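Below is one structure, written out as structure tokens; the observations come after it.
Coordinate-derived values only; no laboratory data. This is a predicted model, so every value here is computed, not measured. Cβ placement follows ideal geometry from the backbone for every residue including glycine, while neighbour counts extend to all protein chains displayed.
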């Protein structure tokens, strides 16, 4: 069971959309993916049409109100543990035992493995050292970082680097699988910003995925219609870009060519 956490340095950087696109593709192509929504604003829960108002979240699992399997919702697009504002109380829940709190999600993973999942995809708050992002990093095999090559992202790279440093302290085997870039609305400085991100990446021993996600209204339309991009707009630019990214994530082309 591969556990991947999807992170970013700030909101609005393809993070929740990437978790959704990856999980729904896996579910349509012979894998079995579970999404854990660790975002209080519950974006990815909305994409899946999950009940994020009255159903339990990971907070209720950690608080021992429900078993983790009882928190899973089964939607048309796949399985998800929804997020909502209760996630904001996780920090306080472990205020007297921070180290145990950081391991709390990892301790639940063997139970998920018995449910037959091949992948767990965790959608997080921006990586700034919160309890939930540390829980995710401690649980995961690898991390995807989504970024827009633009000035606000460059200004936030130091905070992102600090968050990564803290996360890796708790899971020294955590691999940064890659950085997924979105188009910077077609600005001429996109290449300059991307080059600066590559320069920042050097010490992390990772890569920028070759696939860059282009903008397209079809993504928002699919989400609004509670449909996957694979069904709603299979030939649109963002869909094709996400497909190329997923092949990189799964090393499919390398395996096929090898």
Checklist outcome for this item: Across all Cα atoms of the chain, Rg and the largest Cα-Cα distance (Dmax), in Å, are 17.4, 52
Checklist entry - If the label point is 7 Å along Cα→Cβ of residue 96, which residues in the stretch 106-144 have backbone nitrogen under 15 Å from it? => result none
Checklist entry - Restricting to the stretch 2-251, what percent of DSSP beta bridges are antiparallel, rounded to 5? => result 10 percent
Checklist entry - So how far apart, in nm, are the two label points at residue 89 and residue 215 if each is 7 Å from Cα heading toward Cβ? => result 3.9 nm
Next on the checklist: Need the full-extension length gain, residue 199 to residue 157, defined as separation in residues times 0.36 nm minus the C-alpha distance. One decimal, nm.
Outcome noted: 14.0 nm
Item to check | MRE, 222 nm, helices only [DSSP H, n ≥ 4, -39500 (n - 2.57), over the chain, to nearest 500] | outcome: -11500 deg cm²/dmol
Checklist entry - Where the centroid of each part is defined by its Cα atoms, how far is the stretch 47-93 from the stretch 112-184 in Å? => result 20 Å
Item to check | For the stretch 28-107: span of alpha carbons on each principal axis (Å, largest first) | outcome: 42, 25, 18
Checklist entry - How many nm separate the modelled label positions at residue 69 and residue 225, each set 7 Å beyond the Cα in the direction of the Cβ? => result 3.7 nm
Item to check | Kirkwood-type radius of the stretch 15-168, with distances r between different C-alpha atoms, in Å | outcome: 15.8 Å
